[in-house]
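The structure under discussion appears below in the form of structure tokens.
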Amino acid sequence: MIDKPAKSFILGLSVSVIVLASFFLGAIADRIFQIKPLNWLMGSRVNQLESPLTQNGTTPLFDLMSQGGELSIPDVVDAASESVVTVSIKKQQQVIDPSSFFDFGPFGFSLENQGQVEEVQQDIGTGFVVDDSGLVVTNRHVVSDTQAEYRVFDASDNEYQVTNIYRDPSNDLAIIQVEGLNAKALPMGDSGQLRVGEGVIAIGTALGEFRHTVTTGVISGLGRGITAGDGVSSAEALENVIQTDAAINPGNSGGPLINSRGEVIGVNVAVSQSAENIGFAIPINVVTTSLENFNATGRFDRPVLGVSYRMISEQTAIFNDVPQGAYLVSVTKGLSADKAGLVPGDIIIEIDGERLKDSDLVQVLNTKKVGDQISIRYFRQAEEKTVNVILISELSVANPAN
């Protein structure tokens, strides 16, 4: 089972995955391994320097990071830690007095009126700064409780109020607006250029106790598909995630996975509970696309094609003498696919030259932006055809008047 670093979720591969969440949240499971939540954050912190961080006494490390130069692990940690924060939750929670277990009423054992409500604050996850104005990225499952109040703590344990939370409905990502936080945005890398075996560094609050814990390892797999959840009621499929053997623990959810150049290449999201040193991170390119949409619209905005579909497996394709791809079950009138002439029964086999036999339709669309024109190759009545489609906003679907 796979656990998420912050709250607990369940991720599905051929392994069980559990999200790394807080004590308030649950666990995740992939198809074979168990992964636990990474968002429990409390405890020790990184020592701070009085003057700007420098290398050789001259150039600030942050400048070196942005230039893409190779850095030592301590250099990366010194520079990046300034922009990594702890996410804390404050809420009302019922507390039961253990002595109530010995309270026997006239009809025997009773817990009536034994519980009381107290305000509890607990570190539950990690985040990192992506904009100098105080925007912080974390996992959606870290801040999923819409009734709770959230705070963040910087590397010096200064506390800040979270004023707004924007949750991505499509990915396990969230952007939180933090009032008064003064930290530089971490440079972002290109997760499309990653290679198995590259060295990585994870920073987060391990076990909800040890803030700014640093672990190292390598990228041990790419393009993984997992299912994450709390092990009880919720589950969520995450596609194309990065696998790493850097230790990811509950409390690390939402924290950065960083390469040797100091660039963020992933957002830590889950860890396998049934195996050692198997953790997962959302590729940073997914985050970059989400941020671009957010900056343009003020919210998470997704392009939609306007279809429901089923993916055709290789075995099904061979048996029915059709190509692999996305079989269109329905096409919504007035949306992109309908305007391009696609109809139920068509099989989308390729988008912008990318074959769907290796990728899910949603996975490919998540790499696109609102307004993009894409080339769709599809199969209809024993013939392959190509059509150009302009992707519209999912917000315009939810609000047709806009």
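The values are calculated or read from the model by the stated rules, or taken from the named source; none is laboratory data. No experiment lies behind these values; they were computed from the predicted model shown. Cβ sites come from the backbone with ideal geometry, for glycine too, and all protein chains shown count toward neighbours.
Among the listed residues 364, 370, identify the single one that is under 22 Å from residue 237 (Cα atoms) and either under 26 Å from the mean Cα position of the chain (by Cα) or of a type in the set (D, E, K, R) (or both). On inspection, the qualifying residue turns out to be 364.
Number of residues in the stretch 121-133 that are under 16 Å from residue 188 (Cα atoms) and not β-branched (Val, Ile, Thr) equals 4. Scanning the stretch 318-338 for residues that are out of contact with any Ser or Thr (no Cβ under 9 Å at 6 or more places or on another chain), in contact (Cβ under 8 Å) with a residue 40 or more places away in the chain and either of a type in the set (D, E, K, R) or more than 22 Å from residue 393 (Cβ to Cβ) (or both) turns up 323, 325.
When you scan the stretch 112-154, how many residues do you find that are surrounded by fewer than 23 Cβ atoms within 10 Å (Cβ to Cβ), modelled with pLDDT of 90 or more and part of a loop (DSSP other than H, G, I, E, B)? Qualifying residue count for the region: 0.
All conditions but one from (1) more than 13 Å from residue 200 (Cα to Cα); (2) assigned by TED's automatic domain parsing to the domain that holds residue 173 apply to residue 267; the one that does not is (1). The set of residues from the stretch 167-189 being among the small types (Gly, Ala, Ser), in contact with a helix residue (DSSP H, G or I) (Cβ under 9 Å, 6 or more places away or on another chain) and either over 15 Å from residue 152 (Cβ atoms) or surrounded by fewer than 22 Cβ atoms within 10 Å (Cβ to Cβ) (or both) comprises 170, 183, 185, 189.
Search the stretch 291-325 for residues being surrounded by fewer than 16 Cβ atoms within 10 Å (Cβ to Cβ) and acidic (Asp, Glu), and hand back the single one that is modelled with the lowest pLDDT. Going through the qualifying residues, I end up with 292.
Per-residue answers, yes or no, for (1) of a type in the set (D, E, K, R); (2) under 20 Å from residue 391 (Cβ atoms); (3) within 28 Å of the chain's Cα centre (by Cα):
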{"residue": "297", "(1), (2), (3)": "no, yes, yes"}
{"residue": "313", "(1), (2), (3)": "no, no, yes"}
{"residue": "323", "(1), (2), (3)": "no, no, no"}
{"residue": "329", "(1), (2), (3)": "no, yes, no"}
{"residue": "345", "(1), (2), (3)": "no, no, no"}
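Every listed requirement among (1) of a type outside the set (Ser, Thr, Tyr); (2) surrounded by 18 or more Cβ atoms within 10 Å (Cβ to Cβ); (3) more than 15 Å from residue 258 (Cβ to Cβ) is met by residue 161 save one, (2). State yes or no: is residue 262 of a type in the set (Gly, Ala, Ser), assigned to a loop (DSSP other than H, G, I, E, B) and assigned by TED's automatic domain parsing to the domain that holds residue 213? Answer is yes for this residue. Of the residues making up the stretch 190-226, just one is surrounded by fewer than 16 Cβ atoms within 10 Å (Cβ to Cβ) and polar (S, T, N, Q), namely 193. For the stretch 113-141, the tally of residues that are within 19 Å of the chain's Cα centre (by Cα) and over 11 Å from residue 85 (Cβ atoms) stands at 7.
Checked against (1) touching a residue at least 40 places away in the same chain (Cβ under 8 Å); (2) surrounded by 21 or more Cβ atoms within 10 Å (Cβ to Cβ), residue 288 passes all but condition (2). Whenever a residue of the stretch 202-228 is under 11 Å from residue 255 (Cα atoms), its partners that are of a type in the set (Lys, Arg) and buried (at least 24 other Cβ atoms within 10 Å of the Cβ), lying with C-beta atoms within less than 9 angstrom and at least six residues away or across chains, give the pairs 204/211; 205/211. Residue count for the stretch 265-285 satisfying the condition of being crowded, with 24+ Cβ neighbours inside 10 Å and assigned to a helix (DSSP H, G or I): 1.
Selection of the stretch 346-366 for residues being out of contact with any Pro (no Cβ under 7 Å at 6 or more places or on another chain), assigned to a strand (DSSP E or B) and buried (at least 18 other Cβ atoms within 10 Å of the Cβ) yields 348, 350, 351.
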